[in-house]
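Here is the structure we will look at.
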Amino acid sequence: MAQRVIEQNKYYDVIVDDDYKLLIYKWKEAVLELLEEEYKEGFLQAAKFVEDYKPRYVIHDSSTQVYPITPDLQNWISEEISPRFEKAGVKRIAYVMPQDFLSKMALEQLVMKLLSIKPGLKRIFVPDMDQAMKWILKKEKK
């Protein structure tokens with residue numbers, strides 16, 4: 001795979017793979033230091049990368065994330081961010097789950113909310129990057 005890092009900072013890395021039309025958004029542990037508005041800015045950046053690079057697939061890697069996604073933040077993500085991913089042409093999103101129980105529960109709640117609002121975009125929870133890549137790269141049924 002021809003992966004290249006397009007953004008790297010203390011809180012997340014963004015990697016693009018042009019061969020597979022894939023964008024990987026990897027949160028880091030330092031995200032816990034962010035205020036909610038700064039965390040939202042990370043999601044706005046993710047949406048901008050998706051709009052700019054037009055990936056078909058996204059891996060949202062939260063495996064090291066320990067950030068409390070409140071119900072208000074869940075609503076904001078479902079109303080402000082998710083539609084931008086769909087409009088940009090994303091077909092599948094794999095969520096690599098955090099190890100922290102509360103963070104995992106919050107992310108599951110968010111994705112379940114997104115599924116109930118926008119069932120067309122395929123989403124899956126996976127325990128690690130290997131499972132995410134396998135699911136992302138498997139052939140889609142026509």
Query - Likely footprinting exposure, I136, I81, I124, fewest C-beta neighbours within 10 Å first - result: I124, I81, I136
**Report entry** Estimated vicinal HN-Hα couplings, Hz - the stretch 28-42 in sequence order (Karplus 6.51, -1.76, 1.60; Gly, Pro = x)
**Finding:** 10, 4, 5, 4, 4, 6, 6, 6, 4, 4, 5, 5, 4, 4, x
Query raised in the report: Taking neighbour counts of Cβ atoms within 10 Å as a proxy for exposure, in what order, fewest first, do K26, K138 appear?
Result: K138, K26
Query - Pairs from K28/K87; K26/K122; K48/K138 whose Cα-Cα separation, in the structure shown, is over 22 Å - result: K28/K87; K48/K138
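Every number in this text was worked out from the coordinates using simple rules, so none of it is lab data. From a predicted model like this one, the values you see are computed outputs, not experimental measurements. All Cβ positions, even for glycine, are placed from backbone atoms using ideal geometry, and neighbour counts span all protein chains on display.
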